[in-house]
Amino acid sequence: MNETLEALVASEIEPLGLELFEMKVGGSKGRPVIDVRVEREDGERVTVDNCAAASHAIESKLDAEGFGGRIGRGSLAKPPLSPRTFRVTRRAGEPTK
């Protein structure tokens, strides 16, 4: 189920120039909540406006699946979900060796 949700979220935020960085399912049994972390494809810093746009893009899809949602930016302290996100993150601030 998580892979299906990841694909759903990724497909909705991709047109916004965002990439799925991390996704966790939490909340209660009666109202699960998806915690979504995103990064910008261009490697720039994620803004509040980016998070709001992502939230609006996935809100109805998550509601239809019975989930609430929270959107935030990714963190360099955590590993990304995809190799492409890893490359963007490295390019944005970490030296490569």
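Computed from the coordinates by the stated procedures, all read-outs in this text should not be read as laboratory data. Just so you know, these numbers come straight off a predicted model, no measurement behind them. No Cβ is skipped: glycine too gets one built from the backbone with ideal geometry, and neighbour counts run over all protein chains shown.
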Quiz item: Can you tell which of LYS29, LYS24 is of a type in the set (Lys, Arg) and assigned to a strand (DSSP E or B)?
Solution: LYS24
Self-check item: Residue identified as of a type outside the set (Asp, Glu), crowded, with 18+ Cβ neighbours inside 10 Å and assigned to a loop (DSSP other than H, G, I, E, B) among VAL38, VAL46
Solution: VAL46
Practice problem: Show the residue pairs that are 6+ apart or on different chains and have beta-carbon atoms under 6 Å apart, the first residue being within segment 44-71 and without any contact (Cβ under 8 Å) to a residue 60 or more places away in the chain, the second being surrounded by 12 or more Cβ atoms within 10 Å (Cβ to Cβ) and among the polar types (S, T, N, Q). | Solution: ILE71/SER55
Self-check item: Residues that are in contact with an Asp or Glu (Cβ under 9 Å, 6 or more places away or on another chain) and not aliphatic (A, V, I, L, M), drawn from segment 5-22
Solution: GLU14, GLY17, GLU19, PHE21, GLU22
